[in-house]
Amino acid sequence: MKKRNLIVLLVLALFVMASCSTSLGIRYQQPSNINMANYRNVAVASATKYSGNQRLPMFLRFDISDPTIQLYTIFSTFDFNNVNERAAAEVSNMVSKVFTQSSYYSVMPNSKTDTYLDLYRIGKDPSKLLREDGIDAVIIPKITRFYNDEYVDASYSTDSNGNKVAKYYIHRSVDIAITVTVLDTATDRIVASKEYSAYEYDVELFDPKFPYIFSVTQSDIVTRAVSDMISSVVADFVPTTKTAYIDFMSNKPKNESVKPAYKAAENGDYSYALNLFMSAWNTEKHVPSGYNAAVIIACNGDIDGALYLLDEVRSMVNNSEVNKLYVNLLNLKKKNEAAAEQYSGSANTATNIATSPYEFLLN
């Protein structure tokens with residue numbers, strides 16, 4: 001009983017400590033992994049159906065040894081004729097949304113882009129025509145792997161009468177990989193190409209007498225698999241605004257004069273808290289106050305000012321928390337600067353990979 005009471009007291013103490021901590025968010029610009037500064041006007045193509053080898057089951061596979069189930073010959077629950085069209089449509093929609101829903105790009109829609117690219121098949125130069133329409137680059141998604149699998153298995157139990165009872169489960173999966181390629185219309189060169197992949201799996205109860213009734217459809221599984229790639233595509237191609245959360249340093253060594261500062265910060269009065277923390281740092285060199293003041297300054301959008309203050313603190317003490325905050329803020333500053341370059345169009349780090357790529361990309 002004493003041990004149990006001690007555990008309860010420890011949990012309560014941890015809860016109180018956590019609830020008393022103050023965490024502030026610092027907004028910063030996260031640059032995209034691929035610098036698209038010179039390619040802000042883009043045409044986004046549609047993905048075509050996967051044309052490689054793939055596992056499209058004709059009949060449902062039963063991974064069980066049950067004589068009663070052998071009475072059923074059930075066609076695959078996957079729509080054999082339309083599964084490729086569905087995947088191509090999902091990939092096209094996903095890539096299009098990544099670019100069209102970002103204010104960073106001016107985007108030519110899929111339908112118009114596809115019309116331009118079709119001209120390549122009759123000997124025309126799509127890049128020349130796209131340049132005349134103000135397009136810097138073409139974004140071309142391509143499905144490079146697309147496998148589907150499904151099977152039924154069973155679990156067994158015994159009912160109250162001692163009879164063996166089987167529950168059947170259908171397992172379905174989608175394994176898909178795509179590339180997103182950026183083609184410079186001025187040079188006809190691939191300046192960036194990234195590959196993404198996803199695997200999505202679903203299992204649910206299965207009734208052989210009603211084999212095509214599901215709570216999750218094949219299309220749902222394909223959609224979920226493609227959706228899993230969105231965050232990676234955004235990270236590679238779209239500068240975004242993010243928030244880093246940083247906790248205040250605790251009041252140790254304890255300084256009574258800054259207790260109101262912690263309370264003010266908890267209540268959202270950061271201006272008053274900053275004045276108290278700065279006063280404690282300037283007059284008493286209270287390290288937590290210097291640290292917390294720097295956090296507030298950074299949250300107000302002045303990372304340079306926060307780094308300046310932390311430099312002053314670091315010149316007087318060697319504190320691991322202060323050093324860590326300094327490094328984190330320095331990294332945020334570098335990200336802001338890199339994102340600013342991408343928005344200003346002052347740099348481009350994409351490298352040339354290949355020439356005359358249309359035949360490869362569109363087939």
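The values are calculated or read from the model by the stated rules, or taken from the named source; none is laboratory data. All of these numbers come straight from a predicted model, not from anything done at the bench. Neighbour counts are summed over all protein chains in view; Cβ atoms, including those assigned to glycine, are modelled from backbone coordinates with ideal geometry. For the accessible areas, the whole protein counts, side chains as well, though only heavy atoms, and no ligand, DNA or RNA atoms are used. Shrake-Rupley method; radii C 1.70, N 1.55, O 1.52, S 1.80 Å.
General observations
- Karplus-derived 3J(HN,Hα), 6.51/-1.76/1.60, for each residue of region 121-127, Hz, glycine and proline x: 6, 10, x, 7, 9, x, 4
- Chain lengthening between residue 317 and residue 271 when straightened (0.36 nm per residue, less Cα-Cα): 14.0 nm
- With a simple spin-label model that places each label point 7 Å from the Cα along the Cα-to-Cβ direction, the separation between residue 125 and residue 219 comes to 4.2 nm.
- With a Förster radius of 25 Å applied to the beta-carbon distance between residue 210 and residue 158, the computed FRET efficiency rounds to 0.50.
- Rounded accessible area of residue 311 (nearest 10 Å², 1.4 Å probe): 70
- Annotation: extensible slack from residue 254 through residue 51 equals 66.2 nm (criterion: 0.36 nm per residue apart, minus Cα-Cα distance).
- Derived scalar couplings ³J(HN,Hα) [region 90-98; Karplus, 6.51 cos²θ - 1.76 cosθ + 1.60; whole Hz; x for Gly, Pro]: 5, 5, 4, 5, 5, 5, 4, 5, 4
- Amide H within-cut-off set for residue 22, under 5 Å, with H built and near neighbours excluded: 248
- Principal semi-axes in Å for region 284-327 [√(5λ), Cα gyration tensor, largest first]: 16, 11, 9
- Relative contact order of region 129-225, pairs being alpha-carbon contacts under 8 Å that are 6 or more residues apart, as %: 28
- Close amide H contacts of residue 144 (hydrogens built in the peptide plane, cut-off under 5 Å, sequence separation of 5 or more or a different chain): 177, 178, 179.
- Surface calculation, 1.4 Å probe, protein heavy atoms: residue 285 sits at approximately 80 Å² accessible.
- Under the Karplus curve 6.51 cos²θ - 1.76 cosθ + 1.60, θ = phi - 60°, whole-Hz ³J(HN,Hα) for region 240-248, x wherever Gly or Pro sits: 9, 9, 10, 10, 9, 9, 10, 7, 5
- Region 126-255 - Rg (one decimal) and Dmax (whole number), Cα, Å: 25.2, 79
- If you sort 241, 113, 283, 223 by accessible surface, 1.4 Å probe, largest first, the order is 283, 241, 223, 113.
- Surface calculation, 1.4 Å probe, protein heavy atoms: residue 169 sits at approximately 70 Å² accessible.
- Projecting the Cα positions of 187, 201, 248 onto the charge dipole of region 185-322 (unit charges on Cβ atoms of Lys, Arg, Asp and Glu, taken about the Cα centre) puts 248 furthest along the positive direction.
- Global form of region 203-261, assessed from the alpha-carbon gyration tensor, a/c cut-off 1.5: oblate
- Less than 5 angstrom separates the built amide H of residue 33 from those of 236, 237, 238, all sequence-distant by 5 or more or on a different chain.
- Stretched out straight at 0.36 nm per residue, the stretch from residue 343 to residue 328 would grow longer than its current Cα-Cα span by 3.1 nm.
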